[in-house]
Amino acid sequence: MNGGGREFRREGVTYSSGWRWIVWCFFLLGVALAWLFARGYFDNLHDPDAVPRIVTPRGDLAAEEKSNIELFRLSSPSVVYITRLAMRRDRFSLNLFEIPQGTGSGFVWDDQGHIITNFHVIQGASVLRVTLADNSEWDARVVGMAPDQDLAVLFINAPKRRLKPIAIGQSANLQVGQRVFAIGNPFGLDQTLTTGIISALGREINGVSGRKISGVIQTDAAINPGNSGGPLLDSAGRLIGVNTAIFSPSGSNAGIGFAVPVNTVNRVVPQLLRHGRVIRPGLGIHVADRGTAQRFGIRGVLIIRVQKGSAAEGAGLRGTGRNREGRLVLGDVIVGVGEHSISSIDDLLDALDAHKVGDVVEVRLMREGSEMSISVKLQALG
């Protein structure tokens, strides 16, 4: 015996009990294989006469399938793939070369070569490249950006015959439960269609500028990284929103996606085309931040200062100051604009953004404990 194991000798060779079991296993395996061969188990593994099976007819496609196919066929040529690049210099040769930074989606706005996408898709890019549905690639220039709405306009010098502008819908009359379709390039994959419904309306999300984007469409159509900037379509193939964000702890689709409504897009894009930025309507005032308002127990937006020569000054709005005794006298507190109730700066900006420069709005405010309304003609903010 050696080390507690059993040994046995045969013809001068010493075997351990473990080897004996291995020998027995091989013996039993050989017996099993011999039995299978004897039964002809391996005789018919291959069929030299094998042919493909006959295809089972499926009949016509369902009406919904036909509709989806047609929608994709008509709309996908309007969708583009956007690559964001950065320029780097080789430290040895000093030559410049391009480094991919990210990708996204977009769509053709008109036959002049304007492309719409998200601001965050192009943010920080040195070079932008747009790939059309026909796989042709074009260098793009930035025409204008609206970080507060997470929108941007690009321009490519492509011939009109290659450009198919997307059909424009509206978002004011959308309904929860309505069927929607998203087309984009998630994870760099080419032209992907996902479907779902409108899950909710009037959502608010935090934009890349830090300001809240209001009136956002929520959908359960799968939206993944790379879908940003692509179109959200209704069942007629019309643009109703620009896919901009997802709610997902993992970073992949979790059934909660958000799109900037097309009415916002249709209001912002013409300004970007004309001016390169959004010309926002305003009152011509400086207001207190949230912390200051909370410190004074104010519900609404406190006016700190009225700009000289502004629409607010012309209408008689008052800012915060001190009296002859040096005591602080709070200015007007805006609590409403038109039909909108105002409780924060974001509320005020959203209410004003619903109008245009030159519109006359009713501003409801609290002054010395009393509520009053003043008509103000909105001015362009610099």
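The values are calculated or read from the model by the stated rules, or taken from the named source; none is laboratory data. Source: prediction; values computed, not measured. Positions of Cβ are generated from backbone atoms using ideal geometry, with glycine treated the same way; all protein chains shown enter the neighbour counts. Heads up: the accessible areas ignore ligands, DNA and RNA and are worked out on the full protein's heavy atoms, side chains in. Shrake-Rupley method; radii C 1.70, N 1.55, O 1.52, S 1.80 Å.
Annotations
- The residues in region 214-233 that are at pLDDT 85 or above, of a type outside the set (S, T, N, Q) and open to solvent by 10 Å² or more (accessible area, probe 1.4 Å) can be counted, and the count is 2.
- Checking Q271 against (1) open to solvent by 30 Å² or more (accessible area, probe 1.4 Å); (2) over 20 Å from N206 (Cβ atoms); (3) at pLDDT below 95, the condition it does not meet: (1)
- Listing of helices (runs of 4 or more DSSP H) fully contained in region 289-380 that carry 2 or more residues being free of Cβ contacts under 8 Å to residues at least 40 places away in the same chain and open to solvent by less than 60 Å² (accessible area, probe 1.4 Å): 290-295
- Per-region count, region 117-161, residues basic (K, R) and in contact with a Gly (Cβ under 9 Å, 6 or more places away or on another chain): 1
- Qualifying residue in region 188-200 (condition: at pLDDT 90 or above, surrounded by fewer than 16 Cβ atoms within 10 Å (Cβ to Cβ) and of a type in the set (V, I, T)): yes
- Which listed residue, of A245, A236, A182, is out of contact with any strand residue (DSSP E or B) (no Cβ under 6 Å at 6 or more places or on another chain) and either modelled with pLDDT under 90 or farther than 24 Å from H355 by Cβ (or both): A236
- Cβ-Cβ under 8 Å pairs, at least 6 apart or on other chains, region 147-162 side closer than 29 Å to I205 by Cβ and assigned to a helix (DSSP H, G or I), far side open to solvent by 10 Å² or more (accessible area, probe 1.4 Å) and charged (D, E, K, R): D148/R211
- Matching residues, region 256-293, being of a type outside the set (S, T, N, Q), under 14 Å from Q149 (Cβ atoms) and over 20 Å from the mean Cα position of the chain (by Cα): P270, R277, V278, I279, R280
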